[in-house]
Structures are given as structure tokens and as C-alpha cells.
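Working notes for the structure below.
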Amino acid sequence: MNDIAVLADILLPALVAGLLVISTHVPLGFKVLNRGIIFMDLAIAQVAGLGALLVGVLLGEHAPPLVSQVGAVVLALAAASLLLLCERFTRRYLEPLIGTLFVLAATAGLLILAGDPHAGEHMTDLLSGQILWVSRDQLIISGAITGVLLIAMWVTRQNMAAFYRLFAVAITVSVQLVGVYLVFATLIIPALATVRLRDPRRRFRWAYTLATVAYALGLAGSALWDLPSGPLIVWTLAI
């Protein structure tokens, strides 16, 4: 009985974190898929991770989570503004520019961590995330930001400049909770899985349902088989 209680204490906050990510990523995923800028989230997620990493280097690894979040948001917003500027100049070469931004952010992280004996651990946390270890404070802050984001996404749904900036903030919040891999998978896979559904409401319902079930099954499987939660949820999303 105690084991079940301990599992519930770990898995329920993780599921809540997943639901927060799903709530913003399903509608954003539809827009990304429609515009053909599939890898923008990977680039922004990597930049956000780089921002949090820079805060950790400057202030130490015990920097307050809110300060790390602010650093990540600032750098992600700068990257989003740069991509918006690039889109105004060229749509044809936007995807290669997004790929270049991703590579630059990823390699900048490697260069910053070159002398750190815990570099491998930091990179694993950034990519795979630590969804099982989200704190109550993280959930409260992320929940408040997510609520504001959902309202702003509805109000500014026709504004492309607002889309880029809201996208950057949503990705930043999600990377702190679940890591780069799950951010990409949650954004793209539910949207891709429901692409043939014509009715927008039906598509939303199915995408949200598929993502929620995948997170629940992935978390349960990680507890049952002692496997990393992030990568396993990615696979359950795909299946």
C-alpha cells in the first residue's frame, strides 16, 4: 500500500506536468504543421535550454528556478523574434535557417559544458527531461503561465508575430518540465496523427485524447519497467 502511495505521489504530479504541456502544444502543433515549420520547436527548445544553462553557469547550479525560467524565456523570445524577421525576408529558406539555429544552440551548450564533469548529466536532463521530479512550485508557476498563454493564444490567434512569441514562451515552460524530446513529440505527433480529420473540433478532441492517454501509459510503463519516462512517453505517443 505504501509503495502505491509513493508511486501516486510521483506519477500524479508528472501527469499534471504532461497535461500542462499538452494543453498548449496541441493547438500550437496544428499551426506549426500547417505552416510547414516543423523543426521550429526543436530550435526554440534548444535555445531555451541554452538560456537556462547560461543562468546556471553565471549564478551556479542552485539558482532559483524562476530566475532560470526568466533566462530561458528571454533567450527564446530573442530567437523567436529572429525567426519572425527571417520569415519576413524569405519563406523558402526558413526551414534551413531554423535548422542552423538549432545546431548553433546545441553546440553552444556543448561548448559551455566542455569543462564540466557533469556535462553528460546536464545534457540528458535537457533532452530527456525530469518529468518524474517536477516540484509543486514548478507546477504552480507553469500552471499560471499556461493559463495566461491559452487565453493569449485565443485572443491573438490571427496574429503571426504574437504566435512566434507565445510559441517561444510555451516551449520554454515545457522544456523546463519535460525536456526537448517530449516537447517536439507532443507538438508534432498528435497533430500529425489527426491530420486527416476534417472537423477541427473532432481533431482537437482526438489529439488531446491521444496525447493524454500516451502520457498516462508512458508514465505507468516507466514505473512498471523502471525505464526513463521521457523517451518512453515519446514511443507511446508514436504508437
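Residues that are buried (at least 18 other Cβ atoms within 10 Å of the Cβ) and assigned to a helix (DSSP H, G or I) within the stretch 98-116 comprise Ile98, Leu101, Phe102, Ala105, Ala106, Gly109, listed in sequence order. Mind listing whichever residues of the stretch 29-51 are part of a helix (DSSP H, G or I) and open to solvent by 20 Å² or more (accessible area, probe 1.4 Å)? Of everything in the stretch 29-51, those that are part of a helix (DSSP H, G or I) and open to solvent by 20 Å² or more (accessible area, probe 1.4 Å) turn out to be Lys31, Leu33, Asn34, Arg35, Leu42, Leu50. When residues in the stretch 154-183 are screened for being crowded, with 19+ Cβ neighbours inside 10 Å and under 17 Å from Asn34 (Cβ atoms), 5 of them pass.
Answer yes if at least one residue in the stretch 205-214 is within 26 Å of Leu126 (Cβ to Cβ), among the polar types (S, T, N, Q), in contact (Cβ under 8 Å) with a residue 40 or more places away in the chain and crowded, with 19+ Cβ neighbours inside 10 Å, and no otherwise. Checked against the condition, which is being within 26 Å of Leu126 (Cβ to Cβ), among the polar types (S, T, N, Q), in contact (Cβ under 8 Å) with a residue 40 or more places away in the chain and crowded, with 19+ Cβ neighbours inside 10 Å, the stretch 205-214 yields no hits at all.
Hey, can you tell me all the residues within the stretch 10-21 that are touching a residue at least 60 places away in the same chain (Cβ under 8 Å) and surrounded by fewer than 22 Cβ atoms within 10 Å (Cβ to Cβ)? Matches in the stretch 10-21: Ile10, Leu11, Pro13, Leu15, Val16, Leu19.
Among the candidates Val155, Val134, Val103, Val148, which residue alone is over 17 Å from the mean Cα position of the chain (by Cα), within 22 Å of His25 (Cβ to Cβ) and of a type in the set (A, V, I, L, M, F, W, C)? None of the other options fit; the residue is Val155.
The one condition from (1) closer than 20 Å to Pro228 by Cβ; (2) in contact with a helix residue (DSSP H, G or I) (Cβ under 6 Å, 6 or more places away or on another chain) that Glu121 does not meet is (2). In the stretch 117-196, counting only helices (runs of 4 or more DSSP H) that sit wholly within it, the ones holding 2 or more residues that are closer than 15 Å to Ser23 by Cβ span 136-155, 160-178, 180-193. Being under 30 Å from Gln158 (Cβ atoms) and without any contact (Cβ under 8 Å) to a residue 24 or more places away in the chain, is that true of even one residue in the stretch 44-64? No. Against the definition (among the aromatic types (Phe, Trp, Tyr) and surrounded by fewer than 12 Cβ atoms within 10 Å (Cβ to Cβ)), how does Phe89 come out, yes or no? In short, yes. Here Leu149 qualifies as open to solvent by less than 50 Å² (accessible area, probe 1.4 Å) and either in contact (Cβ under 8 Å) with a residue 60 or more places away in the chain or out of contact with any strand residue (DSSP E or B) (no Cβ under 6 Å at 6 or more places or on another chain) (or both). Of everything listed in (1) aromatic (Phe, Trp, Tyr); (2) under 26 Å from Gln69 (Cβ atoms); (3) over 18 Å from the mean Cα position of the chain (by Cα), the single unmet condition for Trp225 is (2).
The values are calculated or read from the model by the stated rules, or taken from the named source; none is laboratory data. Just so it is clear, the model here is predicted, and its values are computed rather than measured. In this analysis, Cβ positions are derived from the backbone assuming ideal geometry, glycine residues included, and neighbour counts consider all displayed protein chains. Just so you know, the surface numbers come from the protein's heavy atoms only, side chains and all, with ligands and any DNA or RNA stripped out. Shrake-Rupley method; radii C 1.70, N 1.55, O 1.52, S 1.80 Å.
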